[in-house]
Amino acid sequence: MLHSKLINPMSIVVVGASDNTQSPGGKVLKNLLDSGYKGKLFGVNPKLTRVQGLPCYQNLDDLPDVDLAIIAIAAKYCIPTVKQLTEEKHTKAFIIFSAGFSEQDAEGAEMEQEIVRLIDKVGGSLLGPNNIGLLNRNYTGVFTTPIPKLDAKGVDFISGSGATAVFIIEAAMAKGLSFNSVYSVGNSAQIGVEDVLEYLDVTFDKEKDPKVKLLYIESVNKPQKLLKHARSLREKGCYIAAIKAGSSEAGSRAASSHTGAIANADTAVDALFQKAGIIRCYGREELIYVAGVLCYPELPGKNIAIITHAGGPAVMLTDVLSKNGLQVPKITNSKATALLEQLYPGSSVANPIDFLATGTATQLGTIIDYCDKYFDEIDTMVVIFGSPGLFDISEVYEVLHQKIKSSKKPIFPILPSVVNVSKEITAFINKGNIAFFDEVLFGKALTKIAGSKLYQTATNPWNETKSLKLKALIKTQKSGYLSPKIVQQIFDIIGIPRVVEQVVFDEETLLKLGDVIPFPCVLKVVGPVHKTDVGGVRLNIKNEKELLQNFKELKAIPEAVGVLIQPMISGMELYVGAKKEGNFGHTIVFGLGGILIEIIKDIQIGLAPLSTAEIEASIQRLKAYPVLKGYRGKEGIALSQFTQIIRKVSELVAYLPEIAELDINPLMASKKDVVAVDARIRIKG
């Protein structure tokens, strides 16, 4: 947890304070003074007796006790500075701007850990090193500008990158977004993004604190902590949007399983965010647009009225909304004719409501009133209004401002003319509004938020008998792929239905299986990992002659140790897999199966344990869902059984965390049942 003196210090010392406001130590002191910090403020610089009008200490010996130290000196001087402050000045909070630590080399990493040890020893908190600081309504402890508008209705922002934080703040301010706090964690030596989020969760006051949290993350070091506190904040009514940089990580390694090829660290992040209810963004503008939308009232429904004087942007916005789950319904209300009569000839109220380039402020107000009071088929309004630069539109934006305040239904303003009416837009924003400049970015943000749901999560039901049986089964197994026989036994214990199958090593045993596994049957080579790649699968074998011939051919394949025989089963090919992804735990992958799984990739990925609600929602997101459900008179599959098998896999990896990768491909599905036809499990001790 973050120390209270980091959040609200009664005294601050800037070590490395300077009159040069183009240096970190000089700029942070100026920011503290300019913002009117109300506590005691000190400077330390061995060459100065006064700094920016303040008395300046030339060494720490003369400094009184101080709550927070902001350190802007060379890395090599930081350890003795921190040591003296913690041991002699009772300092419990530290912000270290200095670079040259773990981001540089091993020696820097050692210095960083020594600083953490010193601060931990006194129960203190460290933000950084190599960061830009902390900004909240108590003090402006950053060496950067601009300083955004700070208020309790703004957003909380946590960033792993100082420069990125500055760029996001700049772009956000241009749209009217305000901030409650900004935390830059730098190297995250002691406090990372997850720890700040924990603090925001534990101290959250629904009456006072903002409900929008933004994250910029470069590495998820504590995924379970992030999951816990993000879900907790969501359950308290908050929304969280995040950029996770580094999504191009080389996770598509030459894998020995389909799951290994599909699932990687970035898909684990996707699964974590989905489970946590975090809205994932992929760029600064997208993050800001999502934050801006979240600062408006929540959508009461999916039906949107687009009010515009420009047809093109309205069409583009309609496309984005319609393709992503929101509706732009045709307005057929009896009042529509009355509204049309109050607009210029050529206008349309069908939706989008186009009142032409000559539309007036009065007409805009009338349209909004009709949508708000008379058009029950409309839940939310989006107003697109720019200018070709022909006339003053201040009155239009004033009407829009007043209607945003008074309307019962949410109104979102898109103001595209950022050059022609920049002054009018600035005036609109200065009244406390958030403006959007691009209709497509806005539409994508709105649909992302509308599609963000927090599903009930699950804890795996623990069965001691199953656990003991499974542990006993693999305790003598070496790291690597388990034999088909062991896999069968695991499935039987956990309750995953499978086809009857047997591994055979000689022709005599093969011929004795006729009563157990009738024709037509399937033969698969045992040994090579990717059977299809080596021609190791033979289907629809109808008689004994074909059986013996194919058996001989499969046995001759290099690395073959045996041949697996199964009955021939028809149906739709599905897939379920699992992969252990570091400290994220296991990701569960499922969707369409067969040999094209890595090409088609119609899959969903979740983070174990998975609840039935999570699985069902994910299945419905598959492109093939209409086919799975059944369409145009064609039967679908047993979806409930598919769901239960996914739950069983989620349960299995809890009993056997040794599972590194698991593939069930294919699962053969019909209307009556879903059974595992081929499966592999790799364990890692």
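The values are calculated or read from the model by the stated rules, or taken from the named source; none is laboratory data. Treat the numbers as computed from the prediction; the structure is a model and nothing was measured. For neighbour counting, all protein chains shown are included, and Cβ atoms are generated from backbone atoms with ideal geometry for every residue, glycine included.
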* Asked: Which residues, counting only those in the range 531-548, are without any contact (Cβ under 8 Å) to a residue 12 or more places away in the chain and either assigned to a strand (DSSP E or B) or loosely packed, with under 12 Cβ neighbours inside 10 Å (or both)?
  -> Asp533, Lys545
* Criterion: in contact (Cβ under 8 Å) with a residue 60 or more places away in the chain and closer than 19 Å to Thr532 by Cβ - qualifying residue of Leu610, Leu554, Leu592, Leu574 -> Leu574
* For the range 109-127, what are the residues that are in contact (Cβ under 8 Å) with a residue 40 or more places away in the chain and assigned to a loop (DSSP other than H, G, I, E, B)? -> Gly123, Gly124
* Assuming Ala310 fulfils every condition listed in (1) modelled with pLDDT of 95 or more; (2) closer than 30 Å to Phe375 by Cβ apart from one, which condition is it? -> (1)
* **Selected residue (only one of Val202, Val142 is under 22 Å from the mean Cα position of the chain (by Cα) and not hydroxyl-bearing (Ser, Thr, Tyr))** => Val202
* Answer with yes or no whether Gly124 is on the phi < 0 side of the Ramachandran plot, assigned by TED's automatic domain parsing to the domain that holds Lys89 and touching a helix residue (DSSP H, G or I) at 6+ places or on another chain (Cβ under 8 Å). => yes
* Structure fact -> By residue number, the members of the range 316-333 that are over 10 Å from Asn351 (Cα atoms) and among the hydrophobic types (A, V, I, L, M, F, W, C) are Met316, Leu317, Val320, Leu321, Leu326
* To do: From the list Leu60, Leu2, Leu85, pick out the single residue that is closer than 28 Å to Pro146 by Cβ and either aliphatic (A, V, I, L, M) or touching a Pro at 6+ places or on another chain (Cβ under 7 Å) (or both).
  => Leu2
* Asked: What helices (runs of 4 or more DSSP H) completely inside the range 569-685 contain at least 1 residues that are more than 25 Å from Lys485 (Cβ to Cβ) and at pLDDT below 95?
  -> 597-600, 612-620, 625-629
* To do: Starting from residues that are of a type outside the set (Val, Ile, Thr) and surrounded by 15 or more Cβ atoms within 10 Å (Cβ to Cβ), keep the ones in the range 484-495 and report whichever is nearest to Pro528 (Cα to Cα).
  => Pro484
* Meets criteria (farther than 21 Å from Leu400 by Cα, under 25 Å from the mean Cα position of the chain (by Cα), assigned by TED's automatic domain parsing to the domain that holds Leu390 and without any contact (Cβ under 8 Å) to a residue 12 or more places away in the chain) for Ser322 -> yes
* Might you check whether a residue that is within 28 Å of the chain's Cα centre (by Cα), modelled with pLDDT of 95 or more and either in a strand (DSSP E or B) or within 16 Å of Ser188 (Cβ to Cβ) (or both) occurs anywhere in the range 85-96? => yes
* Structure fact -> Quick count over the range 316-356, residues being within 25 Å of Gly389 (Cα to Cα) and loosely packed, with under 14 Cβ neighbours inside 10 Å, is 3
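Okay, residues lined up against (1) closer than 30 Å to Lys222 by Cα; (2) part of a loop (DSSP other than H, G, I, E, B); (3) within 32 Å of the chain's Cα centre (by Cα); (4) among the small types (Gly, Ala, Ser):
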| residue | (1), (2), (3), (4) |
| --- | --- |
| Ile279 | yes, no, yes, no |
| Ala291 | yes, no, yes, yes |
| Gly301 | no, yes, yes, yes |
| Gln342 | no, yes, no, no |
| Ala350 | no, yes, no, yes |
* If you check Glu439, Glu507, which single one turns out to be surrounded by fewer than 15 Cβ atoms within 10 Å (Cβ to Cβ) and either assigned by TED's automatic domain parsing to the domain that holds Asp319 or touching a residue at least 24 places away in the same chain (Cβ under 8 Å) (or both)? -> Glu507
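Yes/no matrix, rows are residues, columns are (1) over 13 Å from Leu564 (Cβ atoms); (2) in contact with a strand residue (DSSP E or B) (Cβ under 9 Å, 6 or more places away or on another chain); (3) not basic (Lys, Arg):
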site: Tyr455; (1), (2), (3): yes, no, yes
site: Ala458; (1), (2), (3): yes, no, yes
site: Trp462; (1), (2), (3): yes, no, yes
site: Leu473; (1), (2), (3): yes, no, yes
site: Gly480; (1), (2), (3): yes, yes, yes
site: Arg498; (1), (2), (3): no, yes, no
site: Val503; (1), (2), (3): no, yes, yes
site: Leu523; (1), (2), (3): no, yes, yes
